[in-house]
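Take a look at the structure set out below.
The values are calculated or read from the model by the stated rules, or taken from the named source; none is laboratory data. Only a predicted model underlies this, so the values are computations on that prediction, with no experimental measurement involved. FYI the Cβ positions are ideal-geometry reconstructions off the backbone, even for glycines, and counts take in every protein chain you see. Please note that ligands, DNA and RNA were not included when accessible areas were found on the heavy atoms of the full protein model with its side chains. Shrake-Rupley method; radii C 1.70, N 1.55, O 1.52, S 1.80 Å.
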Amino acid sequence: MTNERDILITEVALRDGSHAVSHQFTVDQVLKVAKALNDSNVPYIEVSHGDGLAGSSLQYGLSRTNELELIEAAVSVADKSKIAVLLLPGIGTLHELKEAANLGAKMARIATHVTEADVAPQHIAYAKELGMETVGFLMMNHMAPVDKLVEQAKLMESYGADSVYVVDSAGYLLPGQVRERIRALKQSVGINIGFHGHNNLSLAMANTLVAIEEGATRIDGSVRCLGAGAGNTQTEVLVAVCERMGIKTGVDLYKMMDLAEDIIAPLLPVPQEITKDSLTLGYAGVYSSFALHSKRAAEKFGVDSRDILIELGNRKVVGGQEDMIVEVAAEIARNKNRQLLKK
């Protein structure tokens, strides 16, 4: 391990991983995980509801513990790592952002749909006013052509973002598509470029390495793949691969391995793997957090969750439209019943 870093890793298990545990993290769990990540010399640890600040709701999923308590807990054990929060304008507000900053959060990741950066300026400006490092987090990146992505990234830069991210929320992008996007941003913006991948098509690591090759220096990972869908780029594996490639992360590999095995694995309701639902997410280009919602809707209406996800992909549904999952499931069930009556 070294304090020199070629890339800066943000660990997202305590935010993206919230989806995988139905937002049931406890203060004690966050204390243990955040302390282990801090001791492993991980630069940034993201903590909040899976859908960002103020995400706890019937639509997105109710948190077991108030996220501000979780943020405060993480800050209390992080003397080397900086705590980051995610905010989706329209869900989180400036009020929650200020509360998170007052508790000691040092980075604000302002997340919008890839074509909607123009909803972010006040949140980025306020985060800067609060002294926070700011990130423009452009989600569902596959839903915009490269020139549109560049346009939106430039807007994030103009608002004052310190970094801009290509976010493969569905785990849909192929390595060539990631290369094209990162290369275009590298040629077009003057701020740091980041990449956030999901492993629904088993491409998170490949896509992350391509992003790094093209100049991305801010990289997201989730220890033990604890994230929505099939999880994110697996942090401890990423650290190991980077070491073999001579890319300095500054993260202690053995400590990350121990964290993954001894602390994270027991928290997982089921092992993170590419199930038929998570594979369908990547295949259909659907927001990774929709997996659990779709599974529950499928059970309720007696339909195949894959049919729900495929139809959501056809309709180009995005985060914030979780109510559509039940609507689609009900429609599929009605059509199924009509077909049975005709026989």
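Condition first: farther than 24 Å from Leu292 by Cβ and at pLDDT 95 or above. Can you find one or more residues in the range 63-74 that meet it?
For the range 63-74, residues farther than 24 Å from Leu292 by Cβ and at pLDDT 95 or above: present.
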- prompt: Do we find that Asp28 is modelled with pLDDT of 95 or more and surrounded by fewer than 20 Cβ atoms within 10 Å (Cβ to Cβ) in this structure?
  reply: yes
task: Could you grab me the full set of residues in the range 1-25 that are of a type in the set (A, V, I, L, M, F, W, C), buried (at least 21 other Cβ atoms within 10 Å of the Cβ) and at pLDDT 95 or above?
output: Ile7, Ile9, Val12, Ala13, Leu14, Phe25
task: Considering each of Lys295, Lys316 in turn, give the residue that is loosely packed, with under 14 Cβ neighbours inside 10 Å and within 22 Å of Asn200 (Cα to Cα).
output: Lys316
- prompt: Quick check: anything in the range 245-255 assigned to a helix (DSSP H, G or I), more than 18 Å from Asn38 (Cα to Cα) and among the hydrophobic types (A, V, I, L, M, F, W, C)?
  reply: yes
query: Do we find that Leu58 is over 25 Å from Met245 (Cβ atoms), within 14 Å of the chain's Cα centre (by Cα) and aliphatic (A, V, I, L, M) in this structure?
result: no
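Which residues, counting only those in the range 130-152, are in a loop (DSSP other than H, G, I, E, B) and over 21 Å from Ala108 (Cα atoms)?
Correct list: Ala144, Pro145.
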message: Among the residues in the range 71-79, are any out of contact with any strand residue (DSSP E or B) (no Cβ under 9 Å at 6 or more places or on another chain) and under 16 Å from Val223 (Cβ atoms)?
response: yes
- request: May I ask you to verify whether Glu273 is among the acidic types (Asp, Glu), part of a loop (DSSP other than H, G, I, E, B) and either in contact with an Asp or Glu (Cβ under 6 Å, 6 or more places away or on another chain) or surrounded by fewer than 21 Cβ atoms within 10 Å (Cβ to Cβ) (or both)?
  value: yes
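Per-residue answers, yes or no, for (1) under 14 Å from Tyr172 (Cβ atoms); (2) among the aliphatic types (A, V, I, L, M):
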| site | (1), (2) |
| --- | --- |
| Gly282 | yes, no |
| Leu292 | no, yes |
| Lys295 | no, no |
| Gly302 | no, no |
| Ser305 | no, no |
| Leu309 | yes, yes |
| Leu312 | yes, yes |
| Gly320 | no, no |
| Asp323 | no, no |
- prompt: Mind checking whether some residue in the range 104-116 is at pLDDT 95 or above, assigned to a helix (DSSP H, G or I) and charged (D, E, K, R)?
  reply: no
- prompt: What residue, among those in the range 233-264 that are of a type in the set (Gly, Ala, Ser) and touching a helix residue (DSSP H, G or I) at 6+ places or on another chain (Cβ under 6 Å), is least open to solvent (accessible area, probe 1.4 Å)?
  reply: Ala260
- prompt: polar (S, T, N, Q) and within 27 Å of Thr249 (Cβ to Cβ) - does that describe any residue in the range 51-74?
  reply: no
message: Tell me the residue from Glu311, Glu322, Glu331 that is open to solvent by less than 30 Å² (accessible area, probe 1.4 Å) and of a type in the set (Asp, Glu), please.
response: Glu322
task: From the list Ala230, Ala284, Ala204, pick out the single residue that is among the hydrophobic types (A, V, I, L, M, F, W, C) and either surrounded by fewer than 16 Cβ atoms within 10 Å (Cβ to Cβ) or in contact (Cβ under 8 Å) with a residue 60 or more places away in the chain (or both).
output: Ala284
Residues satisfying the stated conditions in the range 120-159, i.e. open to solvent by less than 50 Å² (accessible area, probe 1.4 Å), hydrophobic (A, V, I, L, M, F, W, C) and in contact with a Lys or Arg (Cβ under 8 Å, 6 or more places away or on another chain): Met132, Val135, Phe137, Val146, Leu149
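Being in contact with a Gly (Cβ under 6 Å, 6 or more places away or on another chain), open to solvent by less than 60 Å² (accessible area, probe 1.4 Å) and either touching a residue at least 12 places away in the same chain (Cβ under 8 Å) or more than 13 Å from Ala127 (Cβ to Cβ) (or both) is true for just one of Leu94, Leu37, Leu86, Leu103. Which residue is that?
Going through Leu94, Leu37, Leu86, Leu103 in turn, the sole match is Leu86.
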task: Would you point out the residue of the range 180-194, among those that are more than 24 Å from Ala36 (Cβ to Cβ) and either assigned to a loop (DSSP other than H, G, I, E, B) or in contact with a Ser or Thr (Cβ under 6 Å, 6 or more places away or on another chain) (or both), that is least open to solvent (accessible area, probe 1.4 Å)?
output: Val189
field: Selected residue (only one of Asp51, Asp79 is at pLDDT below 95 and part of a loop (DSSP other than H, G, I, E, B))
entry: Asp51
